[in-house]
Amino acid sequence: MPITIFNTLKSRLETIDFERSAKNTTWFDDYEKDHEVSMITDMNGGILISERGYAYPVWFDGISRADIGYDKQKAVELKGSYTGP
């Protein structure tokens, strides 16, 4: 399924063909409003951080869900380190 992501390595949007599954994705159900991290996905040697709402998922190369301990707060911090709060 084609999805559009923001690739931090290239600093641009790109459309890729990718499938999320229970094997490569951690979902978070503890959000209260839009724009909170709702899932993290291992993808192509990196991690894809997705928010609830209409924002593009953000991909970081060279880091995995295991590297951040499958932790939502660490995903928020990683995303914020590149895109800002």
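Here, each number is a calculation from the coordinates, and none is a lab measurement. Just so it is clear, the model here is predicted, and its values are computed rather than measured. Every residue, glycine as well, gets a Cβ built from its backbone with ideal geometry; the counts of neighbours run over all protein chains shown.
The table below lists the values:
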{"quantity": "Whole-number D in µm²/s for the chain (Stokes-Einstein; Kirkwood sum over Cα pairs; 4 °C, 1.567 mPa s)", "calculated": "101"}
{"quantity": "Which of Met39, Met1 has the fewest Cβ neighbours within 10 Å, and the rest in rising order", "calculated": "Met1, Met39"}
{"quantity": "Which of Trp27, Trp59 has the fewest Cβ neighbours within 10 Å, and the rest in rising order", "calculated": "Trp27, Trp59"}
{"quantity": "Calculated from backbone phi, Karplus (6.51, -1.76, 1.60) coupling profile of region 16-27 in Hz, x at Gly/Pro", "calculated": "10, 9, 7, 10, 7, 8, 5, 6, 10, 10, 10, 9"}
{"quantity": "Likely footprinting exposure, Ser11, Ser50, fewest C-beta neighbours within 10 Å first", "calculated": "Ser11, Ser50"}
{"quantity": "Sum of side-chain charges, His35 neighbourhood, beta-carbon under 12 Å (Lys, Arg +1; Asp, Glu -1)", "calculated": "-1"}
